[in-house]
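Have a look at the structure below before the remarks.
None of the figures in this text is laboratory data; all of them are computed from the coordinates on show. Keep in mind it's a predicted model, so treat the numbers as computed, not measured. Using ideal geometry, Cβ is built from the backbone for each residue, glycine included, and neighbour counts are taken over all protein chains shown.
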Amino acid sequence: MIQQIITHPTQNNNGFGGTVRHFDETLTQLLTDLKDTMEANGLEGLAAFQIGSPLTVMVIKKDDKFIEIINPVIFTKEGKITPTETTAYFPNLTATTTRAKKIKLMYEDVEGKQQFLTTEDDLAILIQRKNDYLMGSTFLARLNAEEKALFEQKLENNSNTLTLESCPTNLKSDKILNGIKYGVITGIIGVIIGLFISETNFIKNLEYTLITLLILTTIVYFFYAQYEGKKYNNCTSCQIGNIMAMTVIKSVHILGLFLLVYFLL
């Protein structure tokens, strides 16, 4: 029977990692449901977890034949590969993961007999992805920090067109903003110190120098962020409205520091 595939953001509330101990009609029906659902959706693999079952069962299609994999254990991994993957849980979205190129798998068939499978490349990647589901996870667990941030942007925008180039996670303009923030914090600390020492003129001159540098840095940020934004048209943090807002916020912070220095030192 064709079952509904669980998709984001719906969660499977039936648990996961349920070892199959009874090779009976219930298991046979689950395998049939997995195959029917795969055929109806044109899938090459499906884990029981994806249709709401907690059992450690997956079905893989290879050369138009189904491989029924029960209680799988990947006991050897060799090499490394970074494929671009899709999964039914995140329809129409892709992500670049890190996988083992070659695996050795131990599992049981529908009769409970132990089987072994050695495979690599596409089939190995598919089995590893389905195995993630059997552990209650998705391919998000296989993404590095940059890819995960990018994929979260894809989810937020419901778009697969974003790339690391179109939506970077380490903008230089953001680093400039951090520099301004820490500069203001340093200035505030300087004001506090100036309240407890007699050489206030020296501190005051240093504060005014710092404020001047912060103003110049803010101007540099405004123009550089626009230049950077032209390269990343799909990145929301690069849009002119956001750049102007951040410029105003930092200017207010600097003005506040100036007023502290002017009235307290």
*Averaged over all directions, how much area does the convex hull of the C-alpha atoms of the stretch 1-114 cover when projected, in nm²?*
7.7 nm²
_Average Cα contact separation per residue, the chain, under 8 Å, 6 or more apart, as relative contact order %_ = 13 percent
*What is the packing order of peptides 30-38, 187-195, taking the mean over residues of other C-beta atoms within 10 Å and listing the highest first?*
30-38, 187-195
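Can you tell me, using C-alpha contacts under 8 Å and at least 6 residues apart, the relative contact order of the stretch 172-264 as a whole percent? Don't skip to the answer; put the middle values down first.
Details: 68 pairs, mean separation 34.3, N = 93.
Relative contact order here is 37 percent.
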*asked:* Suppose R0 equals 51 Å. What FRET efficiency, 1/(1 + (r/R0)^6) with r the Cβ-Cβ distance, do Thr19 and Tyr182 give to the nearest 0.05?
replied: 0.45
*Mind listing the Cα extents of the stretch 1-47 along all three principal axes, in Å, largest one first?*
30, 24, 16
*So what is log10(I(q)/I(0)) for the stretch 172-264 at q = 0.15, 0.20 1/Å, when the Debye sum runs over its Cα atoms only?*
-0.59, -0.86
*asked:* If I take R0 = 41 Å and measure r between the Cβ atoms of Ile197 and His8 in this structure, what FRET efficiency does the formula 1/(1 + (r/R0)^6) give, to the nearest 0.05?
replied: 0.10
*Which of the lysines could a cross-linker span from Lys130 if the Cα-Cα distance has to be under 20 Å and same-chain partners fewer than 8 positions apart are dropped?*
Lys35, Lys61, Lys62, Lys65, Lys77, Lys80, Lys101, Lys102, Lys104, Lys148
*Using only helices, what value at 222 nm comes out for the chain when you add -39,500 (n - 2.57) per DSSP H run of length 4 or more and divide by the total residues, to the nearest 500 deg cm²/dmol?*
-16000 deg cm²/dmol
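How high is the relative contact order of the stretch 1-51, in percent, with contacts defined as C-alpha pairs under 8 Å that are six or more residues apart? All intermediate terms of the calculation are to be shown ahead of the outcome.
On the way: 33 pairs, mean separation 29.7, N = 51.
The normalised contact order for the stretch 1-51 reaches 58 percent.
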*Once fully extended, how much extra length lies between Met1 and Leu155, figured as 0.36 nm per residue of separation less the alpha-carbon to alpha-carbon distance?*
52.4 nm
*If you wrap a convex hull around the C-alpha atoms of the chain and split its volume per residue, what is the figure in Å³?*
181 Å³
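Over the stretch 26-79, what lengths in whole Å, largest first, do the semi-axes of the equivalent ellipsoid take, defined as the square roots of 5 times the eigenvalues of the alpha-carbon gyration tensor?
Details: eigenvalues 73, 44, 19 Å².
They are 19, 15, 10 Å, listed largest first.
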*Kindly rank 128-136, 98-106 from highest to lowest mean number of other beta carbons found within 10 Å of each residue.*
128-136, 98-106
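Report, in order of residue number, the helices in the chain meeting two criteria: a C-alpha extent of 30 Å or more along the helix axis, and a mean Kyte-Doolittle hydropathy of at least 1.6; treat each whole DSSP H run as one helix. List each step's numbers first, then the result.
Details: long enough: 172-194 (33 Å, 0.88); 200-229 (42 Å, 0.70); 240-264 (36 Å, 1.86).
Answer set is 240-264.
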